[in-house]
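*Asks:* What follows is a single structure, and I will ask about it in a moment.
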Amino acid sequence: VDKRSFIKKSVLLGMGLPLFLESLAKNFEQVKGTDAFDLASEDEFWAKIRNDYILKQDYINLENGYYCMLPHPLLNQYIEHVKEVNLHASYYMRKKQGQDKKRIAKNLSELAHCSEEELIITRNATESLDLVINGFKWQKGDEAIMAEQDYGSMLDMFKLMEGKYGIVSKRVSIPNDPSNDEEIVRLYESQITSKTRLIMICHMVNISGHILPVRKICDMAHAHNVEVMVDGAHSFAHIPCSMKELDCDYFGTSLHKWLNAPLGNGMLYIKKEKIAKLWPLFAESPKSEDDIMRLNHTGTTPVHTILGIQDAIDYHEVIGLDRKNQRLRFLQRYWTDKIRSHPKIVLNTPEDPMRSCAIANVGIKGIPPKELANILLDKYGIWTVAINRPSVEGCRITPNIYTSIKELDSLVSALKAIAEG
Ligand SMILES: Cc1ncc(COP(=O)(O)O)c(C=O)c1O
C-alpha cells in the first residue's frame, strides 16, 4: 500500500494511524467541522498542538524562519531512524536506502504536484538552487535577473558565475507595497533583453515575507523565452505550492523550514524538458540526459535524515495545508494589525493580507535593526533576527503554528514601549 495514500485515507477516516500521529489526529478530529479560517484564531485549540513542542522557557521564539524545532513526535521518530540505520549499517545502505529515498521522493512529488521524474531530495535550498545556477550552460554575455532582496547565497552564486563565465546579473528592487501584481511583473520584464536567459524570484521573500506573483512572472518570462527559477525556501508547506500551477522551470526549497523535516533536507524540482540542460555538480555514472538522478550524486549521506521527511509529510497532512496556512496568516495579522498605524513603527511587509503569511518585518524609526533585536531579547525576552537590507530594515518576526496570542501580545507591548521610548 502506498504509505501516503494510506495516511490520507486514515486521516479522513480518523483511524489506523501510526502511533506518533494518533494524538495530533485526535485533536484535529475534534474540530473537523470547523472552517480553517475560524479555527486559525482558536488559541485554546492550538495550545494542544503547542504541547507537541518542547520549548525553552527563557525566551519567546519568534525566529522560526531559520529553522523550526521538530515537534517531539517527529523528533522521536527521527531518533528511531538514527538507531535503525545504525543497527543495519551497510545492510541498510546497500539493500534499502535506494528504495526508501525513491519512495519518499515520490511522496514529495505528490505534495509538490509534479512527476517523481522531476524531483530530487537535496540537503537544503542552497544546494538545490546553486545546482541550477551553477549547472546552467552559460555563455559569455548571458544575462540573469534577480532582486536586491533575494537570499545572499544565491546572489553570491550568480557573482561566481559572473567571474567564471562572464555572465551579467541585473537586479531589481521589490517594492514593499506594490499596487498590484502587474507592478512586480513589469519590474522584472523591464530588465529583459535578447540576452536574458534566467530570472530568479523568491516565492516568499525571506526578509519581508512578501509573496510574489510567481505564475504571472513565469507567464511573462516564458513569453520572452526566458526561464524562471523559484526560490521556494519559505513557501513550501507554508502556502500553496503546486509546480503545475506555478509553471516555473526550477523550484528549490529547504524541507527543514516549513515542512518540519529534520535539519539537512531540501528538494529540487526541474521541469522534465529542462533536466538535460543542466550540468551536474558531481559526476554520476552515465545516465540518460533527462534522468534527474544524474544531478543527485552526493556520495554517502545521513540517510536517517531523509527518512524523517516521510514523517514530516505525514504530520503535515494531518494538520492540513489550509489549516496551517490560515493559522500562520492569522498570527501575523494579529500582531501587525495592532501596530500598523503607529507613527514610529514601520512595517516592511505588504499590507495586503494575501501578499504575506507567517513572516513579517518590523522596524522602529531611529533604532538600527541590530539594536532593536538586542533590546527585544535582552529587555523583553523575545528572540528575533535583525535584517539590514535594501528597503527592509527591521527585525524579522516569524511565529509558527504553536505560537500563542499571549506571546504576540508581549511582542506588541514591547514594540510600543520601545517606540515610545
Ligand atoms: C529565501 C531563502 N533562500 C534560500 C535559503 C537557504 O536555505 P538553506 O540554508 O536551508 O539552504 C534561505 C534560508 O533562510 C532563504 O531564506
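Each reported figure results from applying straightforward, stated rules to the coordinates on display, with no laboratory input. Note that the structure is a prediction, hence the values are computed from the model and not measured. With ideal geometry, Cβ positions are generated from the backbone for all residues, glycine too; neighbour counts draw on all protein chains shown.
*Asks:* Among the listed pairs Lys244/Lys370; Lys101/Lys271; Lys106/Lys406, give every one whose C-alpha distance is greater than 30 Å. Provide the component values of the computation, followed by the final result.
*Replies:* Working: Lys244/Lys370 40 Å; Lys101/Lys271 20 Å; Lys106/Lys406 40 Å.
Those over the limit are Lys244/Lys370; Lys106/Lys406.
*Asks:* I would also like to ask the following. Pairs Lys195/Lys216; Lys257/Lys416; Lys140/Lys272; Lys137/Lys164; Lys140/Lys216: which are spaced more than 23 Å apart, C-alpha to C-alpha? Write out the running numbers ahead of the final one.
*Replies:* Details: Lys195/Lys216 21 Å; Lys257/Lys416 29 Å; Lys140/Lys272 26 Å; Lys137/Lys164 12 Å; Lys140/Lys216 29 Å.
Cα-Cα > 23 Å for Lys257/Lys416; Lys140/Lys272; Lys140/Lys216; rest within.
*Asks:* I would also like to ask the following. Among 379-386, 128-135, 396-403, how do they line up by average Cβ neighbours within 10 Å per residue, starting with the highest?
*Replies:* Numbers: 379-386: 17.4, 128-135: 23.1, 396-403: 25.4.
Order by mean packing, descending: 396-403, 128-135, 379-386.
*Asks:* If you take the beta carbon distance between His224 and Asp322 as r and set R0 to 35 Å, what does 1/(1 + (r/R0)^6) give as a FRET efficiency, to the nearest 0.05?
*Replies:* Values: r = 34 Å, r/R0 = 0.98.
It comes out at approximately 0.55.
*Asks:* So, one more: Can you pull a Stokes-Einstein diffusion coefficient for the range 10-166 at 37 °C (0.692 mPa s), Rh from Kirkwood over Cα pairs, as a whole number of µm²/s?
*Replies:* My calculation gives 161 µm²/s for D.
*Asks:* Just to be sure I understand the model, the point goes 7 Å from the Cα along the line to the Cβ. What's the resulting Asp291 to Tyr165 distance in nm?
*Replies:* Here the answer is 2.4 nm between the modelled labels.
*Asks:* Pop out the Kirkwood hydrodynamic radius of the range 193-349 from its pairwise C-alpha distances, inverse of mean 1/r, in Å to one decimal. Please report the intermediate quantities before stating the final value.
*Replies:* Details: mean 1/r = 0.0557 Å⁻¹.
This gives a value of 17.9 Å.
*Asks:* Among DSSP beta bridges whose residues both lie in the chain, state the antiparallel percentage, nearest 5. Walk me through the numbers on the way to the answer.
*Replies:* Details: 22 of 41 bridges.
Of those bridges, close to 55 percent are antiparallel.
*Asks:* Okay, next question. Taking 4 °C and 1.567 mPa s as the conditions, I'd like the Stokes-Einstein D for the chain in µm²/s, using the Kirkwood hydrodynamic radius from alpha carbon pairs.
*Replies:* Numbers: Rh = 22.5 Å.
Calculated translational D: 58 µm²/s.
*Asks:* Using 0.36 nm per residue of separation minus the Cα-Cα distance, give me the extension gain between Ser173 and Lys370 in nm, one decimal. Don't skip to the end; give the middle numbers.
*Replies:* Values: separation 197, 0.36 × 197 = 70.92 nm, distance 2.24 nm.
Full extension of this stretch gives 68.7 nm more.
*Asks:* Next up: Among the aspartates and glutamates, select those whose C-alpha is under 19 Å from the C-alpha of Lys95, and discard any that sit fewer than 8 residues away in the same chain.
*Replies:* Qualifying aspartates and glutamates at Cα under 19 Å: Glu80, Glu84.
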